[in-house]
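> Input: one structure, supplied below.
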Amino acid sequence: MQKFFLGGRLIFGPDARSLPVTLLLISVPSIIFCIFVARHLRHRFSPYNAGYAIMVVTVVFTIYVLIILFLTSARDPGIIPRNSRPPEEEPHHDSSVPAQAGNRHTPGRQFPRTKEVMVNGMQVRVKYCSTCMIYRPPRCSHCSICNNCVERFDHHCPWVGQCIGLRNYRFFFMFVSSTTLLCIYVFSMSALYIKVLMDDNHRTVWEAMKESPPSVVLMAYCFIALWFVGGLTGFHLYLIGTNQTTYENFRHRADNRINIFDRGCPSNFDEIFCTKLNPSKNNFRALVQEEVPRPTEEAKADVGGDTHLKIEVDLENRQDLLKISEQHSIEEGIDLSKISQRQNDEENDSRESNDPLRSTLEADSIMGINHRASVTMTRSDPEPSSYGNSSEIAADSHINSTVTIKEAGRLFE
C-alpha cells in the first residue's frame, strides 16, 4: 500500500523503508571522500586553491543525485485510478459458476479477459484487471507489490521503494546515470590521490595505498557499484533507444513480439526526456466521497421474481372475473328468454281476443324489458378492477344485443 506524507503531496511505495539504505550507500562514501581524499587535494594543483573545486563538485554532485532519488521515489509513478464497481459493459454470464443469493442461484458475472484496441494502426490486446476493475491501457501492468495498475510500467525498484512508470521513469534513469558518473568521479579522484602520494616521496603503489587506506576502500566500493549502476545505465540506454520497458523486453523476448512503439532512436529519446509529463490522474488530497451502491445481480433477480409473481396473481384474478362475468351473462340470458316467452304468450292471447289495447300492451312490455335491462347493467360492482372492466362490458353488450334483437323481432311481427 502506498505511503503518503504532507497531506498526500509525497507518495512513497510500500517498501519505502529501503530508501534510507540507498541514501546511506550514496552519502556515506561521498562524506568519506571529502574528509580523507578531497581535503588533501585542496593545495595540490596550481593555482594554489584549485583543489577546492574537487570537494565542491563532489558535494554538489552528491546533492544532485539525492534530489533525483527523491523525485523518483516520492512521486506518483502513473497510478491508474481503480473503479469501485465493474465497468458498464455487458458481462458474460457463466452458468458453471453459480453465486448464492438467498435460496436461489444466479450465474456468475465474468468480464472478457481481453479486448482489442488500436495503437499506431495495429491491434493491441489489453487485459482486464480484476483487482482494479478496469481494462488496462496499452503498456500498463499491475504491480503486485504496490497493488496498483501503473502506466508504462517498467519495473518495481526496491532501491527507491517505488514503481517505475510513466511519470518517474525519466527521473529514475537520471538517478542511475548520475550515480554511475558519481562512482566514476570518486574512483578517479581516489586514484589521483594515490598517484600524488607516489610522486611526493617516490613511493611505490603499495606504500601509497598503505598511507591512504580510505582511498583504497573507496576505489573498491566504486568499482563494485559500477558493475550494478553502470550495467543498469547501459541497459536502460538500450531500452530508451528501442522504446521498450524492462517488462516488455523480457516478455517480448519470450513471445517474439514486434515492438509497435519504436519510432526511431532520436524520437524515442525525445519522447522520454523532452515530452511534457501529464499531471497525476489521482487527487490524493481530495476527500473520499461515498458512492451509492449499484443493485447487484442477486437483488435484480429478487425484484424480477416478485414482479413475475404479481403478474401471475393478477392473471389468475382476471380469469376468475371473466368466469363470473360469463356466469352472469348466462343467468341474465335465461331471465330474458323467460320474459320474452311470457310476453309472446300474452300477445297471442291478445290477438285471439282482438283487444283494442294491443298497442298499449306492446309499448308497456317494451318499457318493462328496457327497465330490466338497465337493472341488470347496474348489478356489477361500482368499482371494478382494471382487469374486470373488459369482461363486464362484454357481458353488458351481450345483454343489450339480446334485448334489442328480441324487441326488433317482436315489432316486426
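The values are calculated or read from the model by the stated rules, or taken from the named source; none is laboratory data. None of these values were measured; they are calculated from a predicted model. Counting neighbours? That spans all protein chains shown, and the Cβs are built from the backbone with ideal geometry, glycine included. Side chains are part of the model used for accessible areas, which takes the heavy atoms of the whole protein and leaves out ligands, DNA and RNA. Shrake-Rupley method; radii C 1.70, N 1.55, O 1.52, S 1.80 Å.
> Residues that are hydroxyl-bearing (Ser, Thr, Tyr): which helices (runs of 4 or more DSSP H) entirely in region 185-290 hold 1 or more of them? Step through it out loud before you land on a result.
Values: elements: 205-211, 213-225, 231-242, 246-255, 265-273.
The helices (runs of 4 or more DSSP H) meeting that bar are 213-225, 231-242, 246-255, 265-273.
> Let me ask you something else. Identify all residues within region 46-72 that are closer than 20 Å to Gly161 by Cβ and open to solvent by less than 20 Å² (accessible area, probe 1.4 Å); write none if there are none.
Hits for region 46-72 are Thr62, Val65, Ile68, Leu69, Thr72.
> Can I ask one more? Tally up the residues in region 58-117 that are modelled with pLDDT under 70 and in contact with a strand residue (DSSP E or B) (Cβ under 6 Å, 6 or more places away or on another chain), please. Reasoning before the result, please.
In the first step, residues of region 58-117 are kept if they are modelled with pLDDT under 70; the result is 88-111.
When the remaining residues are screened for being in contact with a strand residue (DSSP E or B) (Cβ under 6 Å, 6 or more places away or on another chain), the result is 91-95, 97-99, 105-108, 110-111.
Total meeting the criteria: 14.
> Would you check if Val205 is surrounded by fewer than 22 Cβ atoms within 10 Å (Cβ to Cβ), touching a residue at least 24 places away in the same chain (Cβ under 8 Å) and not small (Gly, Ala, Ser)? Don't jump to the end; show me each part of the working.
Details: surrounded by fewer than 22 Cβ atoms within 10 Å (Cβ to Cβ): yes; touching a residue at least 24 places away in the same chain (Cβ under 8 Å): no; not small (Gly, Ala, Ser): yes.
It is false that Val205 is surrounded by fewer than 22 Cβ atoms within 10 Å (Cβ to Cβ), touching a residue at least 24 places away in the same chain (Cβ under 8 Å) and not small (Gly, Ala, Ser).
> Continuing with this model, one more query. Does any residue in region 114-136 that is without any contact (Cβ under 8 Å) to a residue 60 or more places away in the chain and part of a loop (DSSP other than H, G, I, E, B) come within less than 8 Å, Cβ to Cβ, of a residue that is among the basic types (Lys, Arg) and surrounded by 11 or more Cβ atoms within 10 Å (Cβ to Cβ) six or more places away or on a different chain, and which pairs are these?
Thr131/Arg82; Cys132/Arg82; Met133/Arg82; Arg136/Lys127
> Can you work out which of the residues in region 208-251 that are closer than 14 Å to Ser177 by Cα and β-branched (Val, Ile, Thr) is nearest to the chain's Cα centre (by Cα)?
Ile240
> Say whether the condition of being closer than 15 Å to Glu248 by Cα, among the β-branched types (Val, Ile, Thr) and open to solvent by 20 Å² or more (accessible area, probe 1.4 Å) is met by at least one residue in region 127-147.
No, because not a single residue in region 127-147 is closer than 15 Å to Glu248 by Cα, among the β-branched types (Val, Ile, Thr) and open to solvent by 20 Å² or more (accessible area, probe 1.4 Å).
> Among the residues of region 134-159, count how many are under 16 Å from the mean Cα position of the chain (by Cα) and more than 23 Å from Val176 (Cα to Cα).
9
> So which residues in region 29-44 are surrounded by fewer than 15 Cβ atoms within 10 Å (Cβ to Cβ) and not in a helix (DSSP H, G or I), if there are any at all?
Within region 29-44, just His43 meets the criteria.
> Moving on. Of Met219, Met198, which residue is under 21 Å from Thr58 (Cα atoms) and in contact with a helix residue (DSSP H, G or I) (Cβ under 9 Å, 6 or more places away or on another chain)? Even if it seems obvious, please write down each step before you answer.
Working: Met198 fails: under 21 Å from Thr58 (Cα atoms).
Residue meeting the stated conditions: Met219.
> Give me a count of the residues in region 157-199 that are under 30 Å from Asn243 (Cβ atoms) and either among the basic types (Lys, Arg) or open to solvent by 30 Å² or more (accessible area, probe 1.4 Å) (or both). Working first, answer last.
So the first thing to find is which residues in region 157-199 are under 30 Å from Asn243 (Cβ atoms), and the list is 157-184.
With either among the basic types (Lys, Arg) or open to solvent by 30 Å² or more (accessible area, probe 1.4 Å) (or both) added as a condition, the list becomes 158-159, 166-167, 170-171, 174, 181, 184.
Qualifying residue count, region 157-199: 9.
> List every residue pair whose Cβ atoms sit under 6 Å apart, with the two residues 6 or more apart in sequence or on different chains, where the first one lies in region 224-250 and is of a type in the set (S, T, N, Q) and the second, anywhere, is open to solvent by 20 Å² or more (accessible area, probe 1.4 Å).
Cβ pairs passing all conditions: Thr233/Ser177; Thr242/Asp262; Asn243/Phe261; Asn243/Asp262; Thr246/His155.
> Would region 235-248 turn up any residue that is modelled with pLDDT under 90 and open to solvent by less than 30 Å² (accessible area, probe 1.4 Å)?
The answer is yes; a qualifying residue exists.
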